[in-house]
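Asker: The structure follows.
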Amino acid sequence: MNIGIVCYPTFGGSGVVATELGKALAQRGHRVHFITYSQPVRLDFFNENLFYHEVYVPTYPLFQFPPYESALASKMVDIVQNEHLDVLHVHYAIPHASAAFLAKQILASRGIRVPVVTTLHGTDITLVGKDASYEPVVTFSINQSDGVTAVSADLRRETYESFPVEHKIEVIPNFIDLSRFKKQEKSHFRTAIAPEGEKLLLHTSNFRAVKRVEDVLRIFCGVREQLPAKLLLIGDGPDRSRMEKLARELPCHADIRFLGKLEAVEEVLSVSDLFLMPSENESFGLAALEAMACEVPVVSTNAGGIPELNVHGVTGMLSEIGDVPDMVRNALYVLDDANLPRFKAAARARAEEFAVDKIVPLYEAHYQRASLLVNAAMGNS
Ligand code: GMT
């Protein structure tokens, strides 16, 4: 198939999933066209089936807000028409699903039909999309899509609960490339970070309020009171400088290091003992899946779709949102040498259930169904 993928090209989970999906589809013989405002961060290699089309947004003194959605819809029209796309797959509803609807209408006026598949990723439903400023457009464009997927059953439930959506939504979870995300031999790195054999705790995120990074710091301090340990934080975002300031005020500050954005996160995961995800909400928790694939168990909240991934008492432990003392107890339990090996093995085994080869065919089948739907509608018109 000729597939168009529209996403945010940044480090965010939806962009990562979209890019990894495109790469996997290209390896399976499809021609994949990325349509974004800059090169997706994980699209860093050459493949004859992969193409990138930049959305250029011209500015003009009149525009306080340059009309990105119009530029995106115009680019979609151009690429669908000239690259003969069979399907347009948009990731994150705002503004991609509504831009796709507009593109579809323009293309239809030219006699071209293309199915639009929308994947809901999380905050497009649970946070931003609910805002009255966006809700009518989100609802409409989901209902106008030819196929809709959500990354967890919980996100699907929340979509039906929060929006008057009539569309059938298929759950297709996040997936993982197990050949990249696996435990690697990096003992020199571990020795450098934790020379006395300290336990290594890790958090990766985009440092937004929803990630509750303050809880990460407080959980770590609770653990550090009981055993020698180090905390590494990877990523960047709006809360980072406030968290660095807070960390300096905590008694465990000497054992905390902020590493910023890092491409090869799997190398740090390979030497870590425990991943902390105390999120307020998490539709799936891709970062936790990456950790588990590298044999790192997860202490997390039970928010959103996390329990569909992290199995309490098996691959890690779950707590209520904000219950830092419980997460400290859970972390100490998982890190106990009597428990850690079985948690590590179970984390990897669970991650294997989300292998790219198991999940990507679900998207291929979804595209086929959306195409049949559009072709049937054409036959009836
Ligand atoms: O985590 C973020 O805030 C980024 C966000 C995104 O859409 O870019 O991630 C969401 O999508 C990921 C991929 O489907 C999920 O694994 C994350 O759980 C989800 N984040 C939230 O729901 C907060």
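The rows are residues; the columns are (1) of a type outside the set (A, V, I, L, M, F, W, C); (2) out of contact with any Ser or Thr (no Cβ under 7 Å at 6 or more places or on another chain).
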| site | (1), (2) |
| --- | --- |
| 249 | yes, yes |
| 264 | no, yes |
| 279 | yes, no |
| 288 | no, no |
| 304 | yes, no |
| 310 | yes, no |
| 330 | yes, no |
| 335 | no, yes |
| 339 | yes, yes |
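Asker: Out of 291, 287, which single residue is within 14 Å of the ligand (Cβ to nearest atom), in contact with a Phe, Trp or Tyr (Cβ under 6 Å, 6 or more places away or on another chain) and either assigned to a helix (DSSP H, G or I) or of a type in the set (A, V, I, L, M, F, W, C) (or both)?
Answerer: Only one candidate passes the filter, namely 291.
Asker: Now a separate question. Among 261, 344, which is at pLDDT below 95 and either more than 16 Å from the ligand (Cβ to nearest atom) or touching a Gly at 6+ places or on another chain (Cβ under 9 Å) (or both)?
Answerer: It is 261.
Asker: For the structure I just gave you, tell me whether residue 36 is open to solvent by less than 70 Å² (accessible area, probe 1.4 Å), within 16 Å of the ligand (Cβ to nearest atom), at pLDDT 95 or above and touching a Cys at 6+ places or on another chain (Cβ under 7 Å).
Answerer: For residue 36, the condition - open to solvent by less than 70 Å² (accessible area, probe 1.4 Å), within 16 Å of the ligand (Cβ to nearest atom), at pLDDT 95 or above and touching a Cys at 6+ places or on another chain (Cβ under 7 Å) - is met.
Asker: Any residue in the stretch 182-204 that is at pLDDT below 95 and open to solvent by less than 40 Å² (accessible area, probe 1.4 Å)?
Answerer: Scanning the stretch 182-204, I find at least one residue that is at pLDDT below 95 and open to solvent by less than 40 Å² (accessible area, probe 1.4 Å), so the answer is yes.
Asker: With 224, 208, 212 as the choices, which residue is within 15 Å of the ligand (Cβ to nearest atom), free of Cβ contacts under 8 Å to residues at least 40 places away in the same chain and either outside the structural domain of residue 15 (by TED's automatic domain parsing) or in contact with a Cys (Cβ under 9 Å, 6 or more places away or on another chain) (or both)?
Answerer: Criteria check complete, one pass: 208.
Asker: Among the residues of the stretch 99-128, what is the count of those that are more than 14 Å from the ligand (Cβ to nearest atom), open to solvent by less than 20 Å² (accessible area, probe 1.4 Å) and either over 18 Å from residue 9 (Cβ atoms) or out of contact with any strand residue (DSSP E or B) (no Cβ under 8 Å at 6 or more places or on another chain) (or both)?
Answerer: 6
The values are calculated or read from the model by the stated rules, or taken from the named source; none is laboratory data. Everything quoted here is computed from the prediction, not taken from an experiment. Every residue, glycine as well, gets a Cβ built from its backbone with ideal geometry; the counts of neighbours run over all protein chains shown. Ligands, DNA and RNA are excluded from the accessible area calculation, which covers all protein heavy atoms including side chains. Shrake-Rupley method; radii C 1.70, N 1.55, O 1.52, S 1.80 Å.
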